[in-house]
Structures are given as C-alpha cells and as structure tokens.
Ligand SMILES: Cc1cc2nc3c(=O)[nH]c(=O)nc-3n(C[C@H](O)[C@H](O)[C@H](O)COP(=O)(O)OP(=O)(O)OC[C@H]3O[C@@H](n4cnc5c(N)ncnc54)[C@H](O)[C@@H]3O)c2cc1C
C-alpha cells in the first residue's frame, strides 16, 4: 500500500467546501480546493466596509436557532453573536401595526400539523384542512412565509419539513455574527491554508471523469487535476452543467426532487435613520412587512448603522427578472416611498451607498437556497450515498431541520469529511 497521502479535490470554497477541506487537511489528507469565483464564501458574500460602514452581508446574514456547528466554529474563531432584538411591524397599505405572530386559528393549525402522518405539499395541505373563507388570513400568512422566508413554492414544498421548522420555538431566535459571516469564512479559509490545503480561485470545474483508477477534474481555464476522490459542493442548479461519469450523473439527478428558491436582497445605507424620525413608533423596528414590490425590510436594530435591507424571496422574484441592480435599488426606494408616504427623491437624497443582488443572476449560485419537497428526503439519501470516488456535499444535502442555511452547509461538509475519514 502506498504511503502517499490520499489527494482529495473539493469543488467550491463555500461554507461546506471549506469545512470539509479543513477537517480532511487536519487529518493529514492532501487537499486542493477549486473555486470558480475570485473569492471564498460562495453564498456568503461580504460587501466592502468602505461602502456600508461595516461588513454588510449580501448573502447569508442571520444565524437561525441553535445552529450547533456554527456556534462551535464561532467559539473556535473567537467570534461573537448579537441577538436580533426589536419588534416586527407591518404596513397594510393604510397604517402601521405591530405584527402579531398569532393567528386566531394557530391552535387548530398546530393540532392538525401535529397529527399529520403523510407528507403533502403546502398547497394541498391548505386545501385539505383550511379551505374555508374563515381561514383566508391563515392561508395568506402561511403562503407569505413559505415564499418569503423559505424562498419556496407552496405548490411543491413539503408540509412535514415546514412543520419541523414552525413547531420548534428555538427556531425563532435569530442572531448576527459580529463582523458578519465573512469573518467566519476568513477564519475557515485561513485554517484550511494553515493545515496545508491549497485554494485555487478562478477555476470553473467543467468535468469530472474516472480514468484508469484516478479521478480527473477539468476546469474551464484549461487546468487538469488528478486526485483519488472529489467532493462536489456546487449549488443545485450548477450540477446540470458539469460533465460527470454516467453512474454519478444518475445520482446527481436525484437533486431534481429538491427545490431551489431565489431571493433578491437590497441594501440601502442612509446618512441618518429617517424612518425613525418619520415614524417615532418604529424606533424599535426589526422587520417591516408590506405588500409592496419589495415586501420585507429590516433595520439593524440594536446596531445603530442606518441601513435598511430589502428582501423578496420565492418564485415571484421572476417578475423582477428584467431589472438590473440599479433597477432593483429604484424598486426598493419606490417601495419605501409608498410605505412611508414620502416622495422617492426625498428618501434617495439621504442614500449614501446601495447594493442589490438578484441571486438568480449570480452565475455560480443561480438562486439562493434549497427547500424540501415531499420527495427530498429520499433524494438526499440517494444523492449522499458514498459509493464511489465522487461525493456530494452542501446545504441541500443536510438532512436536519434547517436545510438551506449556513448551518446546513457546515454540518454537511463536516459529515462528508467524516465519512471519508471513517474509510
Ligand atoms: C441572499 C441570501 C440570503 C441568505 N440568508 C441566509 C441566512 O440569513 N442564514 C443562513 O443560515 N443562510 C442563508 N442563506 C443560505 C446560505 O448562504 C447557504 O445555504 C450556504 O452559504 C451554502 O453554502 P454551500 O457551501 O453549500 O454553497 P455555496 O456557498 O454556494 O458554495 C459553493 C461554491 O461552489 C462554487 N462553484 C459553483 N460552481 C462551480 C464550478 N463549476 N467550479 C468550481 N466552483 C464552483 C461557488 O462559487 C461557491 O463558492 C442565504 C443565501 C442567500 C443567497
């Protein structure tokens, strides 16, 4: 037997890829990370401090719920969390009100959900159990949550997966990393390098082949890399473009049974928190929900930076497909103008910096994150099977509750590394 260390290529330097690479490098494997972008982090995308006054997150921003792998890593990195405080408000077109999480039918919803045995889509669930006109408000808030928060399509999303998410109280705890998710990526990338992993940026992997006992990975820039095993962490929509050995392709096609949603994020930095001056009752505003084109906004409360972030998630983001970044920023300003009954120019006058990302247009993500359909668990089992030298990892493969999150990506990366190390 050769005493040459096993060489493992990791495709993608996002949370999953870096987490897997660090564990493997630490265990003495030779690791090469091939990343398409000119930066690490993937869907964790810090924006320049010079523009926003802090390292704003253009991608992932919140740590949801318990997130044990994320929290352990934060402790190791010496990073801390700031809990999200404040009140969720809503604007119904006429006035502002403090959003109540409670619907009069909440107890009934929980009872029906709790008794549910077989999975079905959210739309079928609502039609079967809550079709009456008295449930119109409940149906609307569930659909808004599934589309906006999970970026999912209610006609395909699994009600059982959402039940886990909704019925767990701890999930509602949300926090931000002081220094942003970028600080976590900096730590992981430095750790990978410290333990000897090589990170090659600007390498768009186009094919993976098995050739006489080795795995050959080819990149768009012409570079060719041989290894013993490869871990593919690219987001679901990108998997369709890569050439794979026939058996691996059949496995990767299982990913078609996992949903992948889009989100548009707009960050607006102002000279002052004009919304608080305009509406003193919103001093403690965390989130603000409305029916505007950009329906969800949040402030950084309790952090004093006068930044408002706009969010639009789910299938209806396709309606804004024709807008470039400036068009999205304008749409965001128009939504705020409508909510606060101010001329758009008045709001725009206070704007210091702005960024807008439609993640469907990002060539190396083509959307925001995955969500479960009733067939996803089966698909994940098939897709994650470690039965050859090509393995898959990433947020979409996570079998726990919070699929689609950074926690899911980190946990999946760690799990894949452990599978390899167990031999
Ligand atoms: C707008 C937005 C907001 C979000 N908000 C949150 C949040 O608040 N909290 C949370 O927990 N999660 C959030 N998420 C989800 C979270 O960002 C992802 O689940 C997580 O970062 C995914 O990590 P990953 O390693 O699985 O994938 P990625 O981060 O996508 O990493 C995959 C890497 O593969 C690279 N790649 C792609 N194609 C190729 C190729 N052909 N060759 C080489 N490399 C390639 C990509 O460039 C990327 O770096 C958000 C995501 C978005 C987009």
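Please treat every number below as a calculation from the coordinates, not as lab data. Keep in mind that this is a model prediction, so the values were computed, not measured. Using ideal geometry, Cβ is built from the backbone for each residue, glycine included, and neighbour counts are taken over all protein chains shown.
Just a few scattered comments:
- Going from the residue with the fewest nearby Cβ atoms within 10 Å to the one with the most, 323, 126, 397 rank 323, 126, 397.
- Unit Cα scatterers, Debye sum, the stretch 321-423: log10 I(q)/I(0) for q = 0.09, 0.18, 0.20 Å⁻¹: -0.42, -0.89, -1.00
- Spin-label model, residue 325/residue 94: points 7 Å from Cα along the beta carbon direction are separated by 4.1 nm.
- Gain on full stretching of the segment that runs from residue 226 to residue 141 - 0.36 nm per residue minus C-alpha separation: 25.5 nm
- Ranked by how many other Cβ atoms sit within 10 Å of their own Cβ, fewest first, the residues 390, 406 fall in the order 390, 406.
- Here's the picture: a label point sits 7 Å out from the Cα of residue 120 along the beta-carbon direction, and within the stretch 127-154 the residues with their amide nitrogen under 11 Å of it are 127-131.
- Mean Cβ neighbour count within 10 Å, used as a protection proxy, ranking 32-42, 85-95, 257-267 highest first: 257-267, 32-42, 85-95
- Altogether, the Stokes-Einstein calculation at 37 °C and 0.692 mPa s, with the Kirkwood radius of the chain over Cα pairs as Rh, returns a diffusion coefficient of 145 µm²/s.
- Estimated FRET transfer efficiency (residue 6, residue 83; beta-carbon r; R0 51 Å; 0.05): 0.75
- Relative compactness, the stretch 102-172, computed as alpha-carbon Rg over 2.2 N^0.38 Å: 1.01
- Principal axes of the stretch 217-340: Cα extent on each, largest first, Å: 61, 27, 24
- By other beta-carbon atoms within 10 Å, ranking 187, 392, 52 with the fewest at the front produces 187, 52, 392.
- 11 Å cut-off, amide nitrogen to a point 7 angstrom out along residue 190 Cα→Cβ, residues in the stretch 31-64: none
- Counting every alpha-carbon pair across the stretch 1-100, the share separated by more than 22 Å comes to 54%.
- Extension gain for the segment residue 421 to residue 346, taken as residue separation times 0.36 nm less the Cα-Cα distance, is 21.1 nm to one decimal.
- Inter-part distance, the stretch 221-254 to the stretch 66-139, computed on C-alpha centroids, equals 36 Å.
- Rel. contact order, % - alpha carbon contacts under 8 angstrom, at least six apart, the stretch 102-172: 42
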